[in-house]
């Protein structure tokens with residue numbers, strides 16, 4: 001199979017969908033790799049590294065004109081004209097993306113598999129988890145930075161000084177993002193609260209976080225009460241394939257302390273805060289009702305070397321199976337099949353169809 005790897009052109013995105021080692025593995029399998037010149041530079045992989053692995057350096061058009069296109073982020077409008085009948089494997093987040101992307105995939109006949117809805121045998125999300133872990137850890141780093149007074153924050157650094165704790169961090173969500181955020185905050189020494197959905201027990205969270213924290217049920221009343229005096233709030237809510245539910249209303253934001261910070265990690269699925277809107281690494285924050293909002297939709301792109309290595313370690317086995325078997329790889333693996341979002345001009349993920357009011361275009365793939 002001919003596999004294309006375009007250079008990511010989303011703002012401030014430096015990851016690449018295939019490492020030279022991954023390219024070498026595919027070449028050994030008899031596949032042809034067409035990687036756009038410069039695609040790996042942002043992650044520290046030179047063009048020469050790919051050539052040494054047996055890949056071919058090509059222009060953007062050639063990278064897209066392949067049987068299978070492997071990316072990191074969803075196509076942006078400049079790339080829509082490149083979409084056709086190829087097989088596309090990437091993060092899509094269609095429920096939170098521009099609806100025009102879904103329409104373009106449907107009309108172009110693209111077969112689109114989304115990393116974020118692929119499941120393993122235990123119902124986990126193996127291709128979302130690595131980037132969720134990075135984003136969760138980053139949420140505390142970035143949140144703490146934007147609490148600094150010179151950048152508009154209230155001037156309180158979360159952590160422990162000698163025997164005193166400073167700063168209250170509220171993490172809404174107990175999934176991969178939430179757990180990593182809570183661990184980072186608790187180990188700094190901040191007062192850390194996790195508002196969870198009841199799927200993860202206190203002992204299980206404690207074993208992972210490894211520091212003092214408090215677990216409460218995530219209800220509208222609890223959220224409203226706990227964010228009033230919070231210094232940093234992390235929105236880490238996930239609805240698989242669907243738009244993230246709004247758990248923080250604008251009225252709740254109005255009650256927060258001036259200069260406090262919200263990091264909405266759910267923004268790539270539409271956001272879980274009513275006042276959120278997508279931002280970029282170049283302009284990461286905005287202020288609403290005196291509260292700083294950090295809503296970067298590709299947070300792990302800020303650390304592309306780590307993120308690329310973690311992501312491709314998870315995706316390569318799936319890429320190899322697609323290259324060897326095509327869509328037959330999905331027939332043999334129900335969890336892999338759940339990654340299929342668009343096929344044959346139909347939406348094949350019900351959550352996406354419902355989020356975009358395209359139920360009439362929904363059809364289960366078989």
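Brief remarks on what is shown
- Among the residues making up the stretch 286-295, those that are under 26 Å from residue 75 (Cβ atoms) and either in a loop (DSSP other than H, G, I, E, B) or in contact (Cβ under 8 Å) with a residue 60 or more places away in the chain (or both) are 294, 295.
- Strands (runs of 3 or more DSSP E) (entirely within the stretch 199-275) containing at least 1 residues that are free of Cβ contacts under 8 Å to residues at least 60 places away in the same chain: 214-217, 261-264
- When the stretch 124-163 is filtered for residues that are part of a loop (DSSP other than H, G, I, E, B) and either in the same structural domain as residue 340 (by TED's automatic domain parsing) or at positive phi (or both), the ones remaining, listed by number, are 152, 155, 162.
- Checking residue 339 against (1) modelled with pLDDT of 95 or more; (2) under 17 Å from residue 116 (Cβ atoms); (3) not assigned by TED's automatic domain parsing to the domain that holds residue 14, the condition it does not meet: (3)
The values are calculated or read from the model by the stated rules, or taken from the named source; none is laboratory data. Keep in mind that what you see is a predicted model, and the values were worked out from it rather than measured. Neighbour counts are summed over all protein chains in view; Cβ atoms, including those assigned to glycine, are modelled from backbone coordinates with ideal geometry.
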